[in-house]
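Undergrad: Okay, here's the structure, questions in a sec.
The values are calculated or read from the model by the stated rules, or taken from the named source; none is laboratory data. Note that this is a predicted model, so its numbers are computed, not measured. Every residue, glycine among them, receives a Cβ derived from its backbone with ideal geometry; neighbour counts consider all protein chains shown.
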Amino acid sequence: MMKLDGHISQRFNQDLEDIRSRLLEMGGLVEQQLVKAMAAFESGDSELGLAVSKDDVEVNRLEVETEDLCTKILVKRQPAASDLRMVLAVSRIVRDLERMGDEAAKIADLGVRLAEEGSSPIGYVECRNIATRVREMINASLDAFARYDAEKARETMRVDEKVDDEYASALRSLVTYMMEDPRSIKRVMNVMWTLRSLERIGDHATNVCEQIIYLVEGEDMRHSFK
């Protein structure tokens, strides 16, 4: 189990704990954004969609504040070893969390558009299934960060392969449907964009897991994971 270095400076210890806590808070908010976004997507509830947008403002605020604190730690404390990895990993992870929030906001907006267009196209079951998987990825990646668990991060990364397979299968079905009923193209395209946002959230969760492995083991997993 990884442990951060101890410090004489209580302020330094507090700064490191602060960025860690902010990341977990931000991650929890992003996970709830996805839950609300999928509810808005399935119901077409514009008020719920607006709530997702409001959450995105808070996610953005947390990203900026955490990034600023990371920069201050690098400048003032000049951390080394595990402390440096913590600051760099947090700085990278919050960017991916912010992008997940952006994708969740897109999903909520697409759900409202679909409701306005009337008849529901196919693809909702596929969206729901993939959303469940990527939400589990978010939750598992945050748990892996909280526990400094590199093996759990690796297990979570493997889930993304299933997400990619389900995404590709869903796209094939939707393309076939559009070919059979050209009148459905606009509506089905909105479902396809939703699937794309969900697939991207899975990719960002994978990036988070790569940073956890870097944090715990010092190994850069970008472009090298199989």
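Undergrad: Go through region 139-165 residue by residue and tally those that are over 17 Å from Leu215 (Cβ atoms) and surrounded by 18 or more Cβ atoms within 10 Å (Cβ to Cβ).
TA: Adding up the residues that qualify gives 3.
Undergrad: When the residues of region 123-138 are narrowed to those that are of a type in the set (Val, Ile, Thr) and touching a Leu at 6+ places or on another chain (Cβ under 6 Å), which ends up surrounded by the most Cβ atoms within 10 Å (Cβ to Cβ)?
TA: Val134
Undergrad: Related question: Looking at this structure, is Glu31 among the acidic types (Asp, Glu) and buried (at least 16 other Cβ atoms within 10 Å of the Cβ)?
TA: Yes; evaluated as a whole, the condition is true for this residue.
Undergrad: Something else about it: Among the small types (Gly, Ala, Ser), buried (at least 21 other Cβ atoms within 10 Å of the Cβ) and at pLDDT below 95, is that true of Ala108?
TA: yes
Undergrad: Ok, one more. Of the residues that make up region 189-196, is at least one in contact with a helix residue (DSSP H, G or I) (Cβ under 7 Å, 6 or more places away or on another chain), of a type in the set (Phe, Trp, Tyr) and closer than 19 Å to Gly123 by Cα?
TA: yes
Undergrad: Something else: Which of the residues belonging to region 195-219 are farther than 20 Å from Met137 by Cα and without any contact (Cβ under 8 Å) to a residue 40 or more places away in the chain?
TA: Glu219
Undergrad: Can you pull out the residues in region 142-167 that are among the small types (Gly, Ala, Ser) and touching an Asp or Glu at 6+ places or on another chain (Cβ under 9 Å)?
TA: Ala144, Ala150, Ala153 - these are the residues of region 142-167 that are among the small types (Gly, Ala, Ser) and touching an Asp or Glu at 6+ places or on another chain (Cβ under 9 Å).
Undergrad: Take region 35-52 and flag every residue that is at negative phi and outside any helix (DSSP H, G or I).
TA: Passing the criteria: only Asp45.
Undergrad: Step by step: first the residues of region 53-99, then only those that are assigned to a helix (DSSP H, G or I) and of a type in the set (Gly, Ala, Ser), then the one that is surrounded by the fewest Cβ atoms within 10 Å (Cβ to Cβ). Which residue is that?
TA: The residue in question is Ala81.
Undergrad: Quick check: anything in region 187-194 touching a residue at least 40 places away in the same chain (Cβ under 8 Å), over 20 Å from Ala40 (Cβ atoms) and among the aromatic types (Phe, Trp, Tyr)?
TA: no
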